[in-house]
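Participant: Here it is, the structure in full.
The values are calculated or read from the model by the stated rules, or taken from the named source; none is laboratory data. Keep in mind it's a predicted model, so treat the numbers as computed, not measured. Note that each Cβ is placed from the backbone with ideal geometry, even for glycine, and that neighbours are counted across all protein chains shown. Only protein heavy atoms, including side chains, enter the accessible area calculation; ligands, DNA and RNA are left aside. Shrake-Rupley method; radii C 1.70, N 1.55, O 1.52, S 1.80 Å.
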Amino acid sequence: MPDMPEPCDVVVLLSGTGGNLQAMIDSFQDAASPARICAVISNRADAYGLERARNAGIQTRVLDHKAFEGREAFDGALMDTIDGFKPKLVVLAGFMRILTPAFVRHYEGRLLNIHPSLLPLYKGLHTHQRVLDAGDKEHGCSVHFVTEELDGGPLVVQAVIPVELQDTSAALAQRIHTQEHVIYPLAIRWFAEGRLTLDEHGALLDSQPLGRNGHIIRAI
Ligand code: GRF
């Protein structure tokens, strides 16, 4: 039998419940999977995502930002911790920290984020309520490469859902989470297989530009 290629080691950064982390764990649990989560790092010791990681036998680290003097010092220590695991890819999964330009540059082309809106619409917080307030007919979530602009890097994949008349912010959040748990593992799989790259023109899948919105998946 031919040797299996080494899986792509992934470090996950989170601050909260880790629903996206769980989707990744479930998606990459097969030994033949192209990606392997080698560590989960949180800035909060009480993040439930850490427990999900421990239950799956994944190494965890806590780096409390309040113990550092300023963003640069915290991000420096975070980079040291991440690099200790020698990952090929770093993914932000509900990591509630603004990252310094030095951090973002250090992981250029191998740092992904997920955001609960159809970027470039609704950067920042409270996206579901903002979609309802605007009366939008569609909502969604986006995976993108991280650049120095907050929620602003080249798009990889978006899932689009219809907004129903009776929708509440909580109902939208639930349906968006379901879509996040599909598109984040998909993007990571593409990266791990060497199919997803970033060059000076933007994100590429199989060497083809992904364009302004990335790959679009329409959910019903
Ligand atoms: C998700 O909604 C994601 O889009 C945002 O943070 C949330 C994290 O949720 N960046 P979880 O901790 O993965 O459940």
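Participant: Would you say Y122 is crowded, with 17+ Cβ neighbours inside 10 Å and without any contact (Cβ under 8 Å) to a residue 24 or more places away in the chain?
Facilitator: yes
Participant: Can you tell me which residue among A192, A159, A170 is of a type outside the set (K, R) and in contact with a Pro (Cβ under 9 Å, 6 or more places away or on another chain)?
Facilitator: A192
Participant: Considering every residue within region 205-218, establish whether at least one is under 16 Å from L92 (Cβ atoms) and modelled with pLDDT of 95 or more.
Facilitator: Looking through region 205-218, none of the residues is under 16 Å from L92 (Cβ atoms) and modelled with pLDDT of 95 or more.
Participant: Looking only at region 82-99, count every residue that is in contact with a helix residue (DSSP H, G or I) (Cβ under 9 Å, 6 or more places away or on another chain), in a loop (DSSP other than H, G, I, E, B) and crowded, with 19+ Cβ neighbours inside 10 Å and tell me the total.
Facilitator: Count: 3.
Participant: When you look at M79, is it outside any loop (DSSP other than H, G, I, E, B), crowded, with 20+ Cβ neighbours inside 10 Å and touching a His at 6+ places or on another chain (Cβ under 9 Å), yes or no?
Facilitator: no
Participant: Report every pair of residues separated by at least 6 positions or lying on different chains whose Cβ atoms are under 6 Å apart, first residue within region 178-197 and closer than 14 Å to I25 by Cα, second of a type in the set (S, T, Y).
Facilitator: P185/S27
Participant: Does any residue of region 94-101 turn out to be of a type in the set (D, E, K, R) and without any contact (Cβ under 8 Å) to a residue 24 or more places away in the chain?
Facilitator: Taking every residue of region 94-101 in turn, none turns out to be of a type in the set (D, E, K, R) and without any contact (Cβ under 8 Å) to a residue 24 or more places away in the chain.
Participant: Of everything in region 172-201, what is farther than 18 Å from V146 by Cα and hydroxyl-bearing (S, T, Y)? Give them in sequence order.
Facilitator: T178
Participant: Moving to a separate point now. Suppose the filter is among the aliphatic types (A, V, I, L, M), more than 20 Å from Y184 (Cβ to Cβ) and either surrounded by fewer than 14 Cβ atoms within 10 Å (Cβ to Cβ) or within 15 Å of the chain's Cα centre (by Cα) (or both); does A73 pass it?
Facilitator: It is true that A73 is among the aliphatic types (A, V, I, L, M), more than 20 Å from Y184 (Cβ to Cβ) and either surrounded by fewer than 14 Cβ atoms within 10 Å (Cβ to Cβ) or within 15 Å of the chain's Cα centre (by Cα) (or both).
Participant: How about region 131-154: which of its residues are more than 14 Å from the ligand (Cβ to nearest atom) and either part of a strand (DSSP E or B) or farther than 21 Å from P209 by Cα (or both)?
Facilitator: If the condition is that a residue be more than 14 Å from the ligand (Cβ to nearest atom) and either part of a strand (DSSP E or B) or farther than 21 Å from P209 by Cα (or both), then L132, D133, A134, G135, D136, K137, E138, F145 are the ones that fit.
Participant: From the list R61, R36, which one is of a type outside the set (S, T, Y), open to solvent by 20 Å² or more (accessible area, probe 1.4 Å) and without any contact (Cβ under 8 Å) to a residue 24 or more places away in the chain?
Facilitator: R61
Participant: Out of (1) within 11 Å of the ligand (Cβ to nearest atom); (2) at positive phi, the odd one out for K86 is which?
Facilitator: (1) is the only condition that K86 fails.
Participant: Only residues that are outside any loop (DSSP other than H, G, I, E, B), open to solvent by 50 Å² or more (accessible area, probe 1.4 Å) and closer than 21 Å to A32 by Cβ: list them for region 187-215, please.
Facilitator: R189
Participant: Test T60 against the criterion of being β-branched (V, I, T) and more than 16 Å from the ligand (Cβ to nearest atom), and give yes or no.
Facilitator: no
Participant: Looking only at region 13-39, filter to residues that are within 10 Å of A93 (Cα to Cα) and in contact with a Ser or Thr (Cβ under 9 Å, 6 or more places away or on another chain); which one of those is farthest from the ligand (Cβ to nearest atom)?
Facilitator: Here the answer is L13.
Participant: Which of the residues spanning region 133-163 are of a type in the set (A, V, I, L, M) and either under 18 Å from Y184 (Cβ atoms) or surrounded by fewer than 16 Cβ atoms within 10 Å (Cβ to Cβ) (or both)?
Facilitator: A134, V143, V146, L150, L155, V156, V157, A159, V160, I161
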